[in-house]
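Here, each number is a calculation from the coordinates, and none is a lab measurement. Quick caveat: nothing in here was measured; it's all calculated off a predicted structure. Ideal geometry is used to build each Cβ from the backbone, glycine not excepted, and the neighbour counts take in all protein chains shown.
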Amino acid sequence: MIATPPPQTIGNGRAADPIRPPALQRKRVDWLQFALPCGVGMLFLLAWDLSVRFSGSDLFPKPIDVARGIVELIQHGLLLKYIVASLFRVSWGFALATVLGVPFGLLLGWYTRASQAFNPLIQIFRPISPIAWIPVAILWFGVSDAAPIFLIFLASVFPITVSSMAAVRNMQPVYVRAAQNFGLTGWELFRQVIFRACLPQIITGLRIALGIAWLVVVAAEMIAVNSGLGYLIIDARNAGKRYDLVVAGMLMIGLIGLVLDFLVRKLENFDEVRWGYANRS
Amino acid sequence: MNPADDSAAVVLRNLWMAFPGKQTAVHVLEDVNARIVRGEFVCIVGPSGCGKSTLLNIIGGFLRATAGQVLVEGSLVAGPDPRRIFVFQENGVFPWLNVSENIGFGLRRTASAEKERIVRHYTEMVGLTGFESAYPAELSGGMRQRVEIARALAANPDIIYMDEPFGALDFITRLKMRADLVRIWERERKTVLFVTHDIEEAVQLADRVLIMSRRPATIQEVIEINLPRPRDLDSPGYLEKRDRIFASMGMSLGVG
Amino acid sequence: MRAVPFFSLRRTVGGFVILWLVAVTFLHAELNLHLFARAATRSQYRFRIGFLPVTCHLTCPVTDFINRQQSGTSMFDPVRFSGWPELKEAYLSGYTPATFILAPMAIALREQGVPIKIVYLGHRDGSALMVRKDSSIHRIEDLRGKTIAVPGRYANQRLIIYRELKARGMSLDDVNIVEMAPPDMPTALYSRAVDAITSGEPFMGQTELDGYGRCLYQAKDVWPGFISCVLAVSEDMIKNHRPQVQELVNGIAASGKWLDESMDHRMDAAQFVSTLYYNQNPRLLTYVLSKPPDRVKYSNLKPLRANFEEIEMLGKAAGMLKGTAHFEDYVDTSFAPDDDKVVAQKYEPKPR
């Protein structure tokens with residue numbers, strides 16, 4: 001017979017010994033995680049500079065030209081204005097997309113009939129690029145901030161809806177059962193359990209959609225707004241050979257995109273959602 | 001069987017269950033009848049795939065039987081109810097709440113001072129003091145099951161259903177958990193319906209064991225375990241009961 | 001890493017998001033919309049007028065600038081666009097009830113039923129076709145099989161090509177025409193993406209200035225009095241705000257006369273228009289407004305039937321226009337002063 005504990009053990013309780021996974025011990029500051037990307041960045045700048053020099057092109061700017069362009073923008077007081085304008089439009093467009101897309105997506109995920117009804121329409125609209133909507137945006141909203149906000153809204157709302165739908169579908173049914181067991185129904189069931197169980201995947205969807213929203217800002221600002229980083233890029237063509245400003249605009253967009261993504265990733269560290277993400281080293 | 005019999009906590013009457021299949025219906029349960037007395041610890045054993053979990057889900061109100069009735073405390077079961085709490089095999093604990101919040105989940109309507117007291121009481125009882133702010137992702141499988149048991153108990157149900165709750169744990173942890181479960185049950189004396197495929201577990205824990213047959217399943221035999229607790233795993237009484245169950249299920253002890 | 005317990009997810013997201021939206025909206029309103037800086041004292045009708053940063057539309061910013069210098073305010077709000085499609089759409093949506101626009105485009109819009117009326121011209125000449133200095137194209141016949149960039153489907157420059165090709169027994173099928181926004185043309189020529197470019201100034205002169213462009217022909221040499229862009233307003237504006245339309249045309253006409261009055265005026269305009277309106281390097285406008293001095297002309301800008309009928313005819317032959325709209329349909333000559341009666345703006349450039 002397999003070895004068993006001494007006869008008296010069934011019925012005696014002892015407190016369980018803690019089994020703490022080592023990964024949760026306090027980490028020392030990992031300087032390598034900052035040094036590595038900086039190193040890669042330096043190499044990239046070097047490669048950029050050398051390739052411009054060797055190609056002999058006098059149109060494409062070198063890194064130092066772009067830096068000068070940025071300084072010039074700061075001197076004219078334009079950099080802050082343009083960044084704020086683009087952030088303003090993306091913030092509102094994305095916020096609207098979240099407020100509408102998350103509840104709608106959750107509803108579609110939960111009620112099969114609703115999904116059957118609306119999903120084909122969503123899949124038709126989803127691949128249409130925001131650029132194609134520009135003429136419509138101008139006709140409906142005129143030339144104002146509302147038009148780029150509309151375009152950014154369009155670009156974000158579909159990924160948000162689709163990922164919220166998937167979140168509900170992929171949720172473990174045992175949570176709903178347990179909650180129903182405790183007597184939760186209707187709105188309380190949704191708020192306390194379904195929403196919280198879906199939250200990690202919803203946040204992932206938001207992160208992706210925010211990246212798309214920020215990517216679309218250049219297209220959205222092709223309409224004759226007169227501020228913003230996208231506008232800077234498009235208008236720099238009119239100014240003759242200002243490709244340094246074009247690349248400066250691109251660079252600013254990229255850097256801000258990095259910051260935005262970083263912030264959303266930080267959201268994933270909260271205890272209420274941390275469980276939903278696979279362990280990354 | 002009188003529906004007004006008030007020592008019976010759960011009555012199963014002529015339960016039949018069939019699922020729609022590809023060509024013909026799949027009959028899982030066939031005329032299941034049973035009576036479970038209040039305060040009893042009953043184990044349901046049977047070969048794998050025989051429908052034990054299905055039966056428990058029907059009793060718990062998550063599934064509707066094709067025919068027959070389930071009566072709990074005299075009234076028909078129409079759906080899940082907080083007076084009858086289910087403990088799942090895995091992942092029943094909510095990962096977005098910490099240990100205290102999970103244990104207190106069934107106490108939403110209780111005043112906060114009282115709720116705190118109850119939560120603390122059961123946290124201690126399952127041996128998780130010090131882990132109140134920990135999240136389930138940080139706990140071992142055994143600790144998570146303790147949280148779930150504490151959560152079930154804290155809600156003060158009449159009956160607790162357990163569907164192979166220790167099935168996902170390793171051997172040693174299972175032994176510990178059984179010991180703790182018996183210790184806790186002896187203090188609270190709730191009615192427990194415990195499904196398992198592990199015959200030893202059934203004999204170690206239960207007052208009575210319901211043995212289910214192969215699919216389509218029925219209760220083929222009921223064996224009383226009149227052994228004192230804590231159960232001595234080497235005593236002849238224990239071994240005799242265990243062998244009887246093996247025999248009833250048409251199996252012998254020899255391996256290979 | 002576990003977040004500090006006080007900042008639960010809900011608190012963080014909710015609070016931060018609201019704070020952020022408020023802050024960014026406030027900043028944006030302050031920095032870009034000047035909502036707080038500008039007092040709203042607009043009892044008088046004020047309209048927007050669309051333009052592109054080309055010499056054909058120069059009279060627009062010039063008028064605006066001189067008005068502001070003289071009376072502190074201007075009767076209109078100039079709005080700069082980056083390309084013809086956006087300019088056209090803004091007009092269609094009513095955002096810019098007045099706009100500078102390509103002449104054939106205005107006729108085409110009229111053919112499609114849009115209530116548009118041409119009231120004045122942008123300028124005369126001021127267009128050219130440029131090739132690379134080192135290319136083998138020296139005559140129009142050499143354009144056979146080559147790629148030429150034009151500003152758009154409804155551009156007069158395309159009609160010139162059609163006309164010149166036809167005169168030499170060729171057709172539009174013998175060349176490859178692509179549409180491109182004028183600001184992109186110099187780079188396209190430089191990088192040999194196209195073989196030739198044609199549009200209005202200053203993009204043609206830019207290629208000369210930067211040393212890689214050679215002029216194949218100037219519009220003034222092949223089509224004297226060539227008109228590219230016109231000033232157009234909506235019929236609605238004519239019906240409801242006649243005085244403002246008249247004031248606009250008078251201002252534009254006076255600015256045109258002012259530009260042609262002396263080279264000093266032109267040089268001054270090159271400076272203030274480049275920096276304040278076009279966002280270009282002033283050397284561009286300085287070059288095209290002076291070398292040669294008759295590259296662009298801002299006089300004789302009253303719409304004449306003969307000019308437009310020629311465009312209509314060529315447009316129809318080239319397949320650009322349907323021929324269903326005629327001079328009376330799309331032109332309103334009641335506002336344009338006779339050319340010899342135009343009085344220049346009274347504005348002297350400040351000494352620098």
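Listing for the model above:
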item	result
Residue order, fewest to most surrounding Cβ atoms within 10 angstrom, among C:Arg46, C:Arg124, B:Arg214	C:Arg46, B:Arg214, C:Arg124
q = 0.22, 0.27 Å⁻¹: log10 I(q)/I(0) that the Debye formula gives for segment C:162-210, counting C-alpha atoms only	-0.83, -0.99
Over chain B - Rg/Rh using Cα atoms and the Kirkwood inverse-distance radius	0.97
Over segment A:59-274, relative contact order from alpha-carbon pairs under 8 Å, at least 6 apart, %	29 percent
Within 10 Å of each Cβ in A:265-275, the average number of Cβ atoms from other chains	6
P(r) histogram, all alpha-carbon pairs of segment C:127-222 included - 10 Å bins from 0, percent	18, 58, 24, 1
nm² value of the averaged projected area, convex hull over the Cα atoms of the protein assembly as shown	52.2 nm²
Cysteines in chain C that, by Cβ-Cβ distance, have no pairing candidate under 4.7 Å	C:Cys60, C:Cys215
Relative contact order, percent, chain C [alpha-carbon distance under 8 Å, six or more residues apart]	23 percent
Longest to shortest principal axis, alpha-carbon extents of chain C, angstrom	82, 55, 49
Estimated inter-spin distance, C:Arg139 and C:Asp338, nm [label 7 Å along Cα→Cβ]	4.5 nm
Computed FRET value (nearest 0.05) for B:Glu132 with B:Asp170, which takes r as the C-beta separation and R₀ as 25 Å	0.50
C:Lys166 paired with A:Phe44, simple spin-label distance in nm, labels 7 Å along Cα-to-beta-carbon	5.4 nm
Hz values of 3J(HN,Hα) by residue in segment B:42-52 - Karplus curve (6.51, -1.76, 1.60), Gly and Pro given as x	10, 10, 10, 10, x, x, 5, x, 7, x, 4
Pairwise label distance in nanometres, A:Arg191 with A:Ser51, each label 7 Å out on the Cα-Cβ vector	5.5 nm
Directionally averaged shadow of segment A:59-274, computed from the convex hull of its alpha-carbon atoms, nm²	14.2 nm²
Using alpha-carbon coordinates, inclination of helix B:171-188 to the longest axis of chain B, degrees	80 degrees
Too-long pairs where the Cα-Cα distance tops 32 Å, listed order kept, from A:Lys81/C:Lys257; C:Lys166/C:Lys341; A:Lys81/C:Lys117; C:Lys239/C:Lys316; C:Lys117/C:Lys350	A:Lys81/C:Lys257; C:Lys166/C:Lys341; A:Lys81/C:Lys117; C:Lys117/C:Lys350
Centroid-to-centroid separation of segment B:133-152 and segment A:37-113 [C-alpha atoms, Å]	44 Å
Estimated FRET transfer efficiency (A:Leu215, A:Trp140; beta-carbon r; R0 25 Å; 0.05)	0.65
Gain on full stretching of the segment that runs from C:Glu111 to C:Ala193 - 0.36 nm per residue minus C-alpha separation	26.1 nm
Segment A:136-203 and segment C:185-224: distance between their alpha carbon centers, rounded to Å	53 Å
Cβ-based exposure ranking for B:Glu138, B:Glu186, in which fewest neighbours within 10 Å come first	B:Glu186, B:Glu138
18 Å Cα-Cα reach of A:Lys266 towards aspartates and glutamates, excluding residues that sit fewer than 8 places from it in its own chain	A:Asp30
Structure-based [θ]222 nm, chain A - -39500 (n - 2.57) summed over DSSP H runs of at least 4, per residue, nearest 500	-22500 deg cm²/dmol
Exercise: per-residue mean of other protein chain Cβ atoms within 10 Å, C:77-90	4
Modelled FRET efficiency - R0 30 Å, B:Val26 with A:Asn269, Cβ distances, 0.05 increments	0.05
Within 10 Å of each Cβ in B:97-108, the average number of Cβ atoms from other chains	2
Segment B:75-84 - phi-based ³J(HN,Hα) in whole Hz, Karplus 6.51/-1.76/1.60, Gly and Pro as x	10, 5, 8, 10, x, x, 8, x, 7, 10
Packing-based exposure ordering (other Cβ within 10 Å, fewest first) of C:Lys322, B:Lys190	C:Lys322, B:Lys190
Those lysines that a straight Cα-Cα span of less than 28 Å connects to B:Lys241, excepting residues fewer than 8 apart in one chain	B:Lys52, B:Lys176, B:Lys190
Table column - 3J(HN,Hα) (Hz), segment B:205-219, Karplus curve with 6.51, -1.76, 1.60, x for Gly and Pro	9, 8, 7, 9, 10, 9, 9, 9, 8, 5, 5, x, 8, 9, 7
